[in-house]
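Data block below; observations after.
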Amino acid sequence: MASPWSKISAVLPVNEEQFPLQFSDRVESSVVEALKRCRKQLYGDTASSGGGGGGRTLSAQIILDISWERLNTGTWRHVDKEWRRVYSYGCLFKAAALCRQNPSEEEMLQAVRTCDMGLLMGAAVMDDILQVIVRILQSEIRKPAEEEDEREHSEVKRVKIESPCVPVIKAELAVPRIKCPSLESFKTNSLLPLKPVILEGIIDHWPALNKHLWSIEYLRSVAGCRTVPVEVGSRYTDEDWSQTLLTVSEFIDRYILNKDGAKASGYLAQHQLFDQIPELKEDIRLPDYCCLGDGDEDDITVNAWFGPGGTVSPLHHDPQQNFLAQVVGSKYIRLYSPEDTDKLYPHQSQLLHNTSQVEVENPDAKRFPEFAAAPYLECVLQPGDVLFIPVRHWHYVRSLELSFSVSFWWS
């Protein structure tokens, strides 16, 4: 059987001369020279590469440390893409160094984590080679047992049993439902007047809802060793809210199954998981109705929302149209028209100007007296439902149980 390194080396350029390392003058010459040393070590043998695997790893880590500092200086939108490319090359060199000589499973897992950091923070290099290396390594890493232990099954069952009661939705407040409308019907009745609607039956063909049900076991098998950003705290407006990086398996253990008794809630929220893990992208499809927008398919942002019951997205609005597709579990959602923004008390700061100060299900009537007069629609989104949230419509979302949703932002 071929070793991990032989498989990785087979997808690399055949020699040092064909390995691209072109950067603009915004990247200092000393950094480019350090990258070239890593490239030389990549193609050298152990005896001539400056200390073997340890030397290669150290050289790559220097690149990562330098570029990491650049990535974390100032706001993210001002980070130069050239430095994101430098970071990706550093991840490539480090992952290769970890896998060079009969790597252990822990070294391969570390290499996967390194590639994920490049996918999260870097920019695509060499035809997205970090994705290719991750796929190679995942095929080598020991798969979890097909039969989960009884304790995990009982804990998953308990998560379901202890989920809150489903709210009763009054007919006059319910978001209307339509089954498989035509494109023209959706455009005429919902898109042009910008009215929320739940579309039924339009994602029943997704593998995530039939062929590859997104159970905890399935998500572990496909993405368990992948590193993702996790929001820690009840909601992003709280003072103690923070973010951390965990593998999907660590996230499941800590915040879904609560194996270590974590008191804070964790939410894998608003993350472009499907770009990072193409295997999961194969389980979903873009809604046909997105073609009614002015942008191209590449302009559609697809985000994952995965977490336990009780996770909350505060009342806010987004600058694009949104299809929110429910795959696992259920969510309570309340929607307000942009016409009633003055009754919703947005934050005054520029950072949170699109977010209300009001705690929707427990409002402070003295601080926000006009909120009770704001009309709204509400719904409980169940697996297979897709909610159309028109641009700039305010929406509040609370998970009623273990939940996985997929949002499509388009315009």
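Of note:
- Filter result for Ser88 (buried (at least 22 other Cβ atoms within 10 Å of the Cβ) and assigned by TED's automatic domain parsing to the domain that holds Asp128): yes
- Test: Asp127 is within 23 Å of Trp5 (Cα to Cα), in contact with a strand residue (DSSP E or B) (Cβ under 7 Å, 6 or more places away or on another chain) and not assigned by TED's automatic domain parsing to the domain that holds Pro278: no
- Residue selected from the stretch 260-283 under the condition in contact (Cβ under 8 Å) with a residue 24 or more places away in the chain and part of a loop (DSSP other than H, G, I, E, B), by the criterion nearest to Val302 (Cα to Cα): Gln272
- Of everything listed in (1) of a type in the set (Lys, Arg); (2) touching a Phe, Trp or Tyr at 6+ places or on another chain (Cβ under 8 Å); (3) under 30 Å from Thr247 (Cβ atoms), the single unmet condition for Lys343 is (3).
- Of everything in the stretch 319-366 that is within 23 Å of the chain's Cα centre (by Cα) and more than 25 Å from Pro167 (Cα to Cα), the residue that is surrounded by the fewest Cβ atoms within 10 Å (Cβ to Cβ) is Leu351.
Residue by residue, here is whether (1) farther than 22 Å from Asp65 by Cα; (2) in contact with a helix residue (DSSP H, G or I) (Cβ under 9 Å, 6 or more places away or on another chain); (3) modelled with pLDDT under 95 holds:
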position: Gln101; (1), (2), (3): yes, yes, yes
position: Ala111; (1), (2), (3): no, yes, no
position: Asp116; (1), (2), (3): no, yes, no
position: Val132; (1), (2), (3): yes, yes, no
position: Ile141; (1), (2), (3): yes, yes, yes
position: Glu148; (1), (2), (3): yes, yes, yes
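- Residue in the stretch 199-215 that is crowded, with 16+ Cβ neighbours inside 10 Å, within 22 Å of Asn354 (Cβ to Cβ) and more than 15 Å from the chain's Cα centre (by Cα) present: no
- Residue count for the stretch 96-128, restricted to those that are in contact (Cβ under 8 Å) with a residue 40 or more places away in the chain, in a helix (DSSP H, G or I) and more than 20 Å from the chain's Cα centre (by Cα): 4.
The values are calculated or read from the model by the stated rules, or taken from the named source; none is laboratory data. Because the structure is predicted, anything quoted here is derived from the model rather than measured. All Cβ positions, even for glycine, are placed from backbone atoms using ideal geometry, and neighbour counts span all protein chains on display.
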